[in-house]
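Heads up: the structure comes next, in structure tokens.
Just so it is clear, none of the values below were taken in a lab; they were calculated from the coordinates. No experiment lies behind these values; they were computed from the predicted model shown. Don't worry about glycine lacking a Cβ; one is built from the backbone with ideal geometry, like all the others, and counts go over all protein chains shown.
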Amino acid sequence: MKKNIKFTKLVGAGNDFIVIEANKALDYKKLALKACHRSDGIGADGILVLDKSKTSDYRMRIINADGSEAEMCGNGARCIATYIVNRKKPSKKLFSIETLAGEILGEAKGEIARVRLSEPNDYRPGIPLTLNGKDIHVHYIDTGVPHTIVYVNGLAGIDVNKIGPTIRYHKAFAPRGTNVNFVEQNSKDLVAVRTYERGVEAETRACGTGSVAAAIVSYLQANPGTLQRDQKKAVMNVLTQSGETLEVTFDITAQKITNVWLKGSAKFIAEGNYYF
């Protein structure tokens, strides 16, 4: 017998998601494989499950299109914040959301949402890799999920879906694998990014945690020695493949990146019933 599942679809800077309320009777992996399919389902980069939390105001689970569960999704978090504000009418302007990557904060007004993500870690600049006989250097940082930054010239001409998997599954990033961000520096505070997303296993039109990774790494690379001195509020803008620019702000204290905020659009697209 088919289940009738109420859903809402939102898009954040080009990342689209199916939002559902938690239901213990559902197999989220099977649901994602079916519902996220672009022709035979609703079509989405993933499913966001809104649930109750024992430690935070809300809990968010992120199920990728391939059925795997992600620790964090920046644009997904902004979409769930918009959903919460519009459907749950929280008493707090700024509310907490439990995720596998830790507790985050969210707020939304109109079609703009902002989230404070967990603190990034494991920053590793200048990792040498050999790809198809060519030696390159990449940079790695975990912004809730693992991300690798590859600087390029001529971003528009990069075959993301061909090159991305060779880095995503490279032994240097085993066993978790990595998201892969191809980044071009446009100006001091603006970078353009195209991302091959782990779990979607293809290029997406935007990636929130990838935008954060590109912003932080680009700032650190452009400002050597920054981690050795405290600095309040660095601001970077990230141009995504969808054409939207996301704003990333963060502080640098005690040789750590803290207070990371991601801001951009989060819009309602559709709602209805999905027969699973």
Seminar exercise, completed: Residue count, segment 245-276, condition under 23 Å from the mean Cα position of the chain (by Cα), hydrophobic (A, V, I, L, M, F, W, C) and under 28 Å from HIS137 (Cα atoms), comes to 8
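I'd like to know if segment 101-110 contains one or more residues that are within 18 Å of GLN241 (Cβ to Cβ), surrounded by fewer than 23 Cβ atoms within 10 Å (Cβ to Cβ) and either touching a Ser or Thr at 6+ places or on another chain (Cβ under 8 Å) or of a type in the set (Phe, Trp, Tyr) (or both). Give the steps one after another, and end with the answer.
Within segment 101-110, the subset within 18 Å of GLN241 (Cβ to Cβ) is none.
The answer is no, given that none of the residues of segment 101-110 is within 18 Å of GLN241 (Cβ to Cβ), surrounded by fewer than 23 Cβ atoms within 10 Å (Cβ to Cβ) and either touching a Ser or Thr at 6+ places or on another chain (Cβ under 8 Å) or of a type in the set (Phe, Trp, Tyr) (or both).
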Problem set entry | Lone qualifier among ILE47, ILE42 - being in contact with a strand residue (DSSP E or B) (Cβ under 7 Å, 6 or more places away or on another chain), closer than 20 Å to VAL145 by Cα and either of a type in the set (Val, Ile, Thr) or touching a residue at least 12 places away in the same chain (Cβ under 8 Å) (or both) | ILE47
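Out of all the residues in segment 117-137, which are in contact (Cβ under 8 Å) with a residue 12 or more places away in the chain and exposed (fewer than 11 other Cβ atoms within 10 Å of the Cβ)?
Kept after step one, since they are in contact (Cβ under 8 Å) with a residue 12 or more places away in the chain, are these residues of segment 117-137: 117-127, 129, 131-132, 136.
Result: ASP122, GLY126, ASN132.
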For this session: Please find, among SER211, SER242, the residue that is in a helix (DSSP H, G or I), over 19 Å from GLY126 (Cβ atoms) and within 15 Å of the chain's Cα centre (by Cα).
Result: SER211
Exercise. Which one of these does ARG114 not meet: (1) in a loop (DSSP other than H, G, I, E, B); (2) of a type outside the set (A, V, I, L, M); (3) touching a residue at least 24 places away in the same chain (Cβ under 8 Å)?
Worked result: (1)
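Only one of THR253, THR204, THR209, THR240 is surrounded by fewer than 18 Cβ atoms within 10 Å (Cβ to Cβ) and either farther than 23 Å from ALA13 by Cβ or touching a residue at least 60 places away in the same chain (Cβ under 8 Å) (or both); which?
Values: THR204 fails: surrounded by fewer than 18 Cβ atoms within 10 Å (Cβ to Cβ); THR209 fails: surrounded by fewer than 18 Cβ atoms within 10 Å (Cβ to Cβ); THR240 fails: surrounded by fewer than 18 Cβ atoms within 10 Å (Cβ to Cβ).
That would be THR253, the only listed residue that is surrounded by fewer than 18 Cβ atoms within 10 Å (Cβ to Cβ) and either farther than 23 Å from ALA13 by Cβ or touching a residue at least 60 places away in the same chain (Cβ under 8 Å) (or both).
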For this session: Taking the options VAL200, VAL183, name whichever one is β-branched (Val, Ile, Thr) and closer than 21 Å to PHE250 by Cβ.
Result: VAL183
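Pick out the one residue from GLU119, GLU107 that is closer than 18 Å to SER56 by Cβ, among the charged types (D, E, K, R) and within 16 Å of the chain's Cα centre (by Cα). Reasoning before the result, please.
Numbers: GLU107 fails: within 16 Å of the chain's Cα centre (by Cα).
GLU119 is the lone residue from the list that is closer than 18 Å to SER56 by Cβ, among the charged types (D, E, K, R) and within 16 Å of the chain's Cα centre (by Cα).
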